[in-house]
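All of the numbers you see were taken from the coordinates with simple rules; none came from a lab. It should be emphasised that the depicted structure is a prediction, and the values quoted were computed from it without experimental measurement. Note that we place each Cβ from the backbone using ideal geometry, even for glycine, and neighbour counts take in every protein chain shown.
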Amino acid sequence: MKHVWLWSLIFLIGLVGCSFSTDGGKGGTDGKGNGKTSTNETGVEVLADGLDIPWSVVEAEESVLVSERGGAIVEVPKNGGDPARKKLELEHSVRHQGEGGFLGLTLAPDFKESRALFAYHTYRAEGQVFNRVVRLEEADEVWVETDVLIDAIPGAGIHNGGRIQIGPDDKLYITTGDAADEPIAQDLENPAGKILRVELDGGIPDDNPYPGSPVYSYGHRNPQGLAWDEDGQLYSSEHGPTGRDEINRIKAGNNYGWPEISGDEKREGMETPLYHSGSDTWAPSGLAYADGKLWVAGLRGEQVRSFSPDGKQTELKLEGEGRLRDIVPASDGSFYILTNNNDGRGTPHEKDDRLLRWTRPDGN
């Protein structure tokens, strides 16, 4: 009878346990209660689980920060300590509906001193849906908005883009989707369906391809990944229409064709992709560059694929973890990966969603 009572208690504790932990999924503690995880046969360990639809991950000196689409930032210590979730204080509340919400994150260059970062989020104003990029600073138990870099980017229930990253030129790059209004991707006066480039205070760089405009490239459907190689060449991953997902080599001022062309289609003055998925669907989101290759996290494809920058080879590298939203190179040579199995389109694993660290067994 005592054993029945004990197992019932354990079951109840499991039901009401904390919202995230550091021992879930394929990993486990080291038996000393310090949250260290074990690595499975594919080189994956779980750093945190129970995340609420995470979207973007960034590495700081002693921790990893994760955005949650509903409007929070989770800080996961690298040493295996307990994660901490903090809310946001924003001028406009996060609108978490469809594909919108609290999306891209990137650290300010002086993050160690300032505890400041940049974030991209969806909001509603005057009866319309928009996206904006803001600067946040950590203050006690919240992250507080301190500046607006760009706002009034058209938004919708789908195709909000959302990736932001500081390039090797110290400019902030921003991916925006067509907000389900395809023609605006070709409209240079509209910031949607573009890759934008701004100064870290929101100003327009003097060397942008269109004077006085944040537009860096256009004709994009729903780009969600940015990465640079060692020569400073920019690449982007982009969701296509029923297949024809793209990996593009981005050049300043160029037109990437949407909605006029996609896949192998060609038209004068428009760029064709470095790769596209044909009739298959990758739904590529996060994009990274490491070891001479591009690495892409796939949502519908539920896999990590590598791509050679010469456009000649792609390989399946990891699968079995479900929908993958972001992939980021870690300072130790591994990758951080976010699952997105609770975004309404996946089949959740136990304790999803999760922050993973992937050490490639083959080393390449």
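Tell me the mean residue ellipticity at 222 nm calculated for the chain from its helices only (DSSP H runs of n ≥ 4, each -39500 (n - 2.57), averaged over every residue, nearest 500).
Per the formula, -1500 deg cm²/dmol.
Stokes-Einstein D for the range 210-284 at 4 °C, 1.567 mPa s, Kirkwood Rh over Cα pairs, in µm²/s?
Translational diffusion coefficient: 103 µm²/s.
Once you keep just the Cα pairs under 8 angstrom separated by 6 or more residues, what percentage relative contact order results for the chain?
12 percent
Cα to Cα, under 12 Å, and not fewer than 8 places away if on the same chain: which aspartates and glutamates meet these conditions relative to K112?
Those aspartates and glutamates meeting the cut-off are E59, E61, E62, E137, E138.
Rounded to the nearest 0.05, what FRET efficiency do Y210 and E268 have when you use their Cβ-Cβ distance and R0 = 22 Å?
With a Förster radius of 22 Å, E is 0.65.
Treating the range 132-221 as a set of equal point scatterers at the Cα positions, no solvent, please give the Debye-formula log₁₀ I(q)/I(0) at q = 0.11, 0.16, 0.19, 0.20 Å⁻¹.
Reported log10 I(q)/I(0), two decimals: -0.31, -0.63, -0.85, -0.92.
Can you classify the range 194-342 as rounded, prolate or oblate using the Cα gyration tensor, where a ≥ b ≥ c are the square roots of its eigenvalues, rounded means a/c under 1.5, and otherwise it's prolate if a/b beats b/c and oblate if not?
oblate
Against the longest alpha carbon principal axis of the chain, how many degrees, from 0 to 90 and to the nearest 10, is the axis of helix 2-15 turned?
Once rounded, the angle reads 20 degrees.
How big is the convex hull of the Cα atoms of the range 299-364, per residue, in Å³?
It is 99 Å³ per residue.
In the range 109-128, whose amide N lies under 16 Å from the spot 7 Å out along Cα-to-Cβ of D151? List them in ranges.
119-128
Just report the Cα centroid separation between the range 60-77 and the range 161-223, whole Å.
Centre-to-centre distance over Cα atoms comes out at 25 Å.
Return the distance in nm (one decimal) between the two label points of a simple spin-label model at N79 and E182, each offset 7 Å from Cα along Cα→Cβ.
In this crude label model, N79 to E182 measures out at 5.5 nm.
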